[in-house]
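Working notes, beginning with the structure itself.
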Amino acid sequence: MKIIMLGAPGAGKGTQAKKIAAEYKIPHISTGDIFRANIKNNTELGQKAKAYMDKGELVPDELTLDLIMDRFKQPDCENGYVLDGFPRTIPQAEALDAALTAKGEAVDFAINVEVPDENIINRMSGRRACVGCGATYHIKYNPTKVEGICDVCGEKLILRDDDKPETVKNRLSVYHEQTQPLIDFYAKKNVLAEVDGTKDMEEVFEDIVKILGK
Ligand code: AP5
Ligand code: ZN
């Protein structure tokens, strides 16, 4: 099964993608996570990506496409995947489409997690990410057992550099301009499903399972 998560920054794409990956036993591929891992390891790609990410801009399509096409070659992608944060522009969606069509494949579901802009700033300012394993929490909606410490690996939690309110505002406008048009793109392909992302995390997941089937 090939699933795309659509939605604004902070809509809960990553949260739901991890649950989908566990339930349907497919890999969770987040371009944002891959870029952040490269930044942490100070790779050339990481250095290039950081300049864009810190401003809340998108990383150029060429860099992103090289990275994702490479990731698709890994053996764990054989039975599909859940994509989180990719595609994010029409050219990225078209490139994915061309790569899949060449293999006689197609996207099965594009799930749009809808959350109004008013709720987003609140979600982002409360999000905390683990420096060790990348797990994400929310100080109010998904707190850790011990404040500031990851439940999974015991490392400390930080506020992501791009979750500061000024950057979040720019990420939201970039989203509306460059990523929102994908909703129409996938609607035309008859694979779009919409879920109300303002419900609590478990309820959103139940709605997604109803769409994907057991
Ligand atoms: P990326 O990492 O993809 O960030 P994003 O799309 O902005 O999405 P987020 O990770 O911020 O949010 P999310 O929707 O996954 O929400 P989450 O589940 O964490 O990209 C970062 C940057 O990398 C981009 O700005 C760009 O520069 C670059 N990039 C990445 N991919 C690219 C591409 N394809 N092309 C070009 N550039 C690219 O949830 C948010 C918070 O809310 C958490 O604290 C969570 O616990 C909480 N929460 C989740 N669900 C709920 C709920 N139902 N109720 C209450 N709280 C909830
Ligand atoms: Zn951790």
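Values for this structure:
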| read-out | value |
| --- | --- |
| Zone of V131's modelled label, taken as backbone nitrogen in the range 157-201 under 14 Å from a point 7 Å along Cα→Cβ | 157-161 |
| Å² per residue, accessible surface of the chain at 1.4 Å | 52 Å² |
| Percent carbon-and-sulfur accessible area, the chain, ignoring ligands, DNA and RNA, probe 1.4 Å | 51 percent |
| Relative contact order (percent, whole number), the range 4-73, Cα cutoff 8 Å, 6+ residue spacing | 15 percent |
| Debye log10 I(q)/I(0) at q = 0.14, 0.15 Å⁻¹ for the chain, Cα point scatterers | -0.86, -1.01 |
| Extension gain from E114 to K40, taking 0.36 nm per residue of separation minus the Cα-Cα distance | 23.6 nm |
| Theoretical gain in end-to-end length, K188 to D151 [0.36 nm per residue, Cα-Cα removed] | 9.2 nm |
| Relative contact order of the range 92-214, pairs being alpha-carbon contacts under 8 Å that are 6 or more residues apart, as % | 31 percent |
| Estimated distance in nm for a label pair at N142 and I158, the labels positioned 7 Å out from Cα along Cα-to-Cβ | 2.0 nm |
| Those residues of the range 193-214 whose amide nitrogen sits under 20 Å from the label point placed on L100, 7 Å along Cα→Cβ | 193-195, 208-214 |
| Charge dipole (the chain, unit charges on Cβ, about Cα centre) - positive-most of A135, Q47, N119 | A135 |
| K210-H176 pseudo-label distance in nm [points 7 Å out on the Cα-to-Cβ vector] | 3.0 nm |
| FRET efficiency for E166 and D70, using Cβ-Cβ distance with R0 set to 30 Å, rounded to 0.05 | 0.35 |
| Per-residue [θ]222 nm for the chain (sum of -39500 (n - 2.57) over DSSP H runs n ≥ 4, rounded to 500) | -13500 deg cm²/dmol |
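The values are calculated or read from the model by the stated rules, or taken from the named source; none is laboratory data. All of these numbers come straight from a predicted model, not from anything done at the bench. Every residue, glycine as well, gets a Cβ built from its backbone with ideal geometry; the counts of neighbours run over all protein chains shown. We work out accessible area using only protein heavy atoms, side chains counted, and drop any ligands, DNA or RNA first. Shrake-Rupley method; radii C 1.70, N 1.55, O 1.52, S 1.80 Å.
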